[in-house]
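Input: a single structure, listed below in structure tokens.
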Amino acid sequence: MSKHLSVRGVKMMLSHAGIDTHELSFTRHDRSGQHVAGTHEGRYVEKVDIEVSGPKSARGPVRAALFDRGLECAPYPDRDFFSRGGFPQ
């Protein structure tokens, strides 16, 4: 099982990496739930995304810092979604 991903935790990771976040906004999205089919049917999977929105120039260093810490990224033109991925329990 993974540790819960939080806005505070992401901001701390970025702070430790020396990344300025004043131009960015952060939102937590919890998409955890039960698998409805496949190999893991019936198992609970934690899936939490942290949305980082703001200028693309400010999000570039964020991507690098969070990739270094093992987070996955779903990039969009105006925001990025970071997660640890799903882990069946």
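The values are calculated or read from the model by the stated rules, or taken from the named source; none is laboratory data. Note that the coordinates shown come from a computational prediction; the quantities given were computed from them, not determined experimentally. Heads up, the Cβs are rebuilt from the backbone with ideal geometry, glycines too, and the neighbour counts pull from every protein chain shown. For accessibility, only protein heavy atoms count, side chains too; no ligands or nucleic acids. Shrake-Rupley method; radii C 1.70, N 1.55, O 1.52, S 1.80 Å.
Tabulated values for the structure
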| quantity | calculated |
| --- | --- |
| With DNA, RNA and ligands ignored, accessible area of Asp49 (1.4 Å probe; Å², nearest 10) | 20 |
| Derived scalar couplings ³J(HN,Hα) [the stretch 24-30; Karplus, 6.51 cos²θ - 1.76 cosθ + 1.60; whole Hz; x for Gly, Pro] | 10, 10, 10, 9, 9, 10, 9 |
| 10 Å Cβ shell holding at most 15 others, DSSP loop, trypsin sites (Lys or Arg not before Pro): longest site-free stretch of the chain | 4-30 |
| Prolate/oblate/rounded label for the chain (Cα gyration tensor, a/c 1.5) | prolate |
| Cleavage-rule hits (GluC sites (Glu not before Pro)) in the stretch 1-58: DSSP loop, at most 12 neighbouring Cβ within 10 angstrom | Glu23, Glu41 |
| Selected from Ala17, Ala37, Ala74 as most flexible by GNM, with the chain as the system and alpha-carbon contacts under 10 Å | Ala37 |
| Charge context of Ala64, other residues only, Cβ under 15 angstrom, K/R +1, D/E -1 | 0 |
